[in-house]
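Q: Encoded as structure tokens, here's the structure I'll be asking about.
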Amino acid sequence: MSDIDDHLARTMDLPGAVGASLVDCATGLALGSAGAVPGGDGEAAAAGAAEVLYVASGRAPFASARPNDAIEDLIITTASGYHLLRTVPVAFGGQLALCLWLDRPDGNLAMARRRLAEIADDLVRPRPDAPVGSAA
Amino acid sequence: MSETGRQPEIAQPSRLLSQLADAGETGTLYVDGGSSGTVHLIDGRVSCVESPAAPGVGALLTTSGRLAEHTWQAAVQTGAAGHRVGRLLVEQGHLMQSELELCVLGAIYDAAFFVLTTAATSVRFAPGELHWLGRVVEVEVGALERETSRRGRRLDEIFPESSVDHAPVTPVPTPPVQRVVLTAAQWELVVHADGRRTAADLSRLLGRPGYATLQEVRRLSAAGLLRNAGPPSSGGDRGAVDAPPDEGASAVADPDHGVTGPDPVAEGESPTRTRAATRREGGHRRQRDPQPSGPNGAGPVDAVPDDALLGRLRAALKALR
């Protein structure tokens, strides 16, 4: 099991979690997934999530109302569920999104949002004690 | 599969790759002698793909400033022989395992888009030959094929004109609309598109994945903001045509030069260099750009006044950064 899968498995521990995926925003590719997928088509769901984020960041004025402001997450609620799209800025090669689908009766939106932010952070944040540039 | 081994043959890379995957082969597939790319298999699954059109793992990590150049080089020198460069970077605490996986996965799909869409050409499979990066992630050949065709369709949905994929591009002097909204990635492309650089050049310069760059070039072209600069002047033309094969050849032959060949951030690299600093100096550090300080009027002959205006615009934009 890859480290990416481990992180996705952690999101699936959240109450009401139905499915999770890690999407490359630039290309709409799912780099990993766990559980079920909205619509049953993983590729379409990933491409759709990337599209939604692209439109939100490019077209919506509130997405960057101030300098250095950026979208942290998008939350879409439906009658039966919650969809959280958490942006994951990556130093190399663009931006990812951690996407979580929650069942509405069991899911806790506030808790899930906070937890998802932590997991997204763990995915790409170097440990503070890591040596930098001192190989060999 | 043994007859596909030693001798080069003419075949469609994607077809041969499927056969190798079905047979559970381990080794390296050289496409067009390696100048169009390489695909590395472990037990029939893809562990690494390289293409001159897509920045490799080393270029992505160093151009972005995520890893210092000397950190990367040291890992390559120490770990290449044992095929454990990736593992070494994680063990030494330079990268997290998840970061390495993300970077390698992204690089595999990115390079695969260019290698798998190569038409029938000279291909050669070297059984048992492993990549020095080591086993980090593995991707099914079928998944690569599906994603590659999805990406191709996606490009044509954005703008069904493939000529901008390979030609030098330049911003139009006057936008076709009164108000223009760009993403940060698009802005960087517009600022660095100088009428000599192609999408592949821009992706190397900015350390951005090749396909993502193509996609933005097509989006900007569809919006009428970027255009094919046409055949460049003789100097620029030579650079654009000659550079990729050179780079590909050395990438395959020499692991010391990183995944995509000649080191993108070699001279005077500071470990603390910021991404912005790297970008700003990009044009001056690239050997592929022989006239960084020259006039910007090297475009088509019939567009000299436009290019002069464009030069001033570009200077003004750079001053704003």
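The values are calculated or read from the model by the stated rules, or taken from the named source; none is laboratory data. Because the structure is a prediction, the values reported are computed rather than measured. Neighbour counts run over all protein chains shown; Cβ positions are idealised from the backbone, glycine included. Surface accessibility is based on the protein's heavy atoms, side chains included, excluding ligands, DNA and RNA. Shrake-Rupley method; radii C 1.70, N 1.55, O 1.52, S 1.80 Å.
Q: Residue pairs, Cβ under 7 Å, 6 or more apart or interchain, first in segment B:190-214 and within 16 Å of B:R227 (Cβ to Cβ) and more than 10 Å from every other protein chain (Cβ to nearest Cβ), second among the small types (G, A, S) and in a loop (DSSP other than H, G, I, E, B). List them.
A: Close Cβ pairs (under 7 Å, with a partner that is among the small types (G, A, S) and in a loop (DSSP other than H, G, I, E, B)) amount to B:G195/B:A229; B:G195/B:A298; B:G195/B:G299; B:R196/B:A298; B:T198/B:A167; B:L202/B:A193.
Q: Tally time: how many residues in segment B:82-103 are open to solvent by less than 20 Å² (accessible area, probe 1.4 Å) and either among the aliphatic types (A, V, I, L, M) or within 10 Å of another protein chain (Cβ to nearest Cβ) (or both)?
A: First, the residues of segment B:82-103 that are open to solvent by less than 20 Å² (accessible area, probe 1.4 Å): B:85-86, B:88-89, B:93-95, B:98-103.
In the following step, the residues that additionally are either among the aliphatic types (A, V, I, L, M) or within 10 Å of another protein chain (Cβ to nearest Cβ) (or both) were identified as B:85, B:88-89, B:93-95, B:98-103.
Matching residues across segment B:82-103 total 12.
Q: Among the candidates B:L206, B:L133, which residue alone is open to solvent by less than 20 Å² (accessible area, probe 1.4 Å) and either touching an Asp or Glu at 6+ places or on another chain (Cβ under 7 Å) or within 27 Å of A:G58 (Cβ to Cβ) (or both)?
A: Result: B:L206 is the single residue among B:L206, B:L133 that is open to solvent by less than 20 Å² (accessible area, probe 1.4 Å) and either touching an Asp or Glu at 6+ places or on another chain (Cβ under 7 Å) or within 27 Å of A:G58 (Cβ to Cβ) (or both).
Q: Taking B:V46 and the conditions (1) β-branched (V, I, T); (2) without any contact (Cβ under 8 Å) to a residue 40 or more places away in the chain; (3) away from chain A (no Cβ under 14 Å), which numbered condition does it fall short on, given that it satisfies the others?
A: Result: B:V46 fails condition (2) only.
Q: Restricting to segment B:108-125, what's the tally of residues that are open to solvent by 10 Å² or more (accessible area, probe 1.4 Å) and either hydrophobic (A, V, I, L, M, F, W, C) or more than 11 Å from chain A (Cβ to nearest Cβ) (or both)?
A: Result for segment B:108-125: 10.
Q: For residues that are open to solvent by less than 40 Å² (accessible area, probe 1.4 Å) and under 16 Å from B:E129 (Cβ atoms), scanning just segment B:6-20, find the one that is farthest from the chain's Cα centre (by Cα).
A: B:L20
Q: Related question: Quick one: is A:L116 at pLDDT 95 or above and open to solvent by less than 30 Å² (accessible area, probe 1.4 Å)?
A: So A:L116 fits the description; yes.
Q: Identify, by number, the condition in (1) part of a strand (DSSP E or B); (2) open to solvent by 20 Å² or more (accessible area, probe 1.4 Å) that A:A9 doesn't meet.
A: Single failed check for A:A9: (1).
Q: Conditions: (1) away from chain A (no Cβ under 14 Å); (2) touching a residue at least 12 places away in the same chain (Cβ under 8 Å). B:G79 meets all but one. Number of the miss?
A: With (1) away from chain A (no Cβ under 14 Å); (2) touching a residue at least 12 places away in the same chain (Cβ under 8 Å) applied to B:G79, the lone miss is (1).
Q: If I filter segment B:140-153 down to residues being under 29 Å from B:G79 (Cβ atoms) and either facing chain A (nearest Cβ under 10 Å) or in a loop (DSSP other than H, G, I, E, B) (or both), which single residue comes out as most open to solvent (accessible area, probe 1.4 Å)? Break it down into steps so the answer makes sense when it comes.
A: The first filter runs over segment B:140-153 and keeps only residues under 29 Å from B:G79 (Cβ atoms), leaving B:140-141, B:143-144, B:147.
Now narrow it down to the ones that are either facing chain A (nearest Cβ under 10 Å) or in a loop (DSSP other than H, G, I, E, B) (or both): B:140, B:143, B:147.
Values: B:E140: 92, B:A143: 24, B:E147: 8 Å².
So, considering only residues that are under 29 Å from B:G79 (Cβ atoms) and either facing chain A (nearest Cβ under 10 Å) or in a loop (DSSP other than H, G, I, E, B) (or both), the one most open to solvent (accessible area, probe 1.4 Å) is B:E140.
Q: Of (1) closer than 16 Å to B:L105 by Cα; (2) part of a loop (DSSP other than H, G, I, E, B), B:E25 satisfies all except one. Which?
A: (1)
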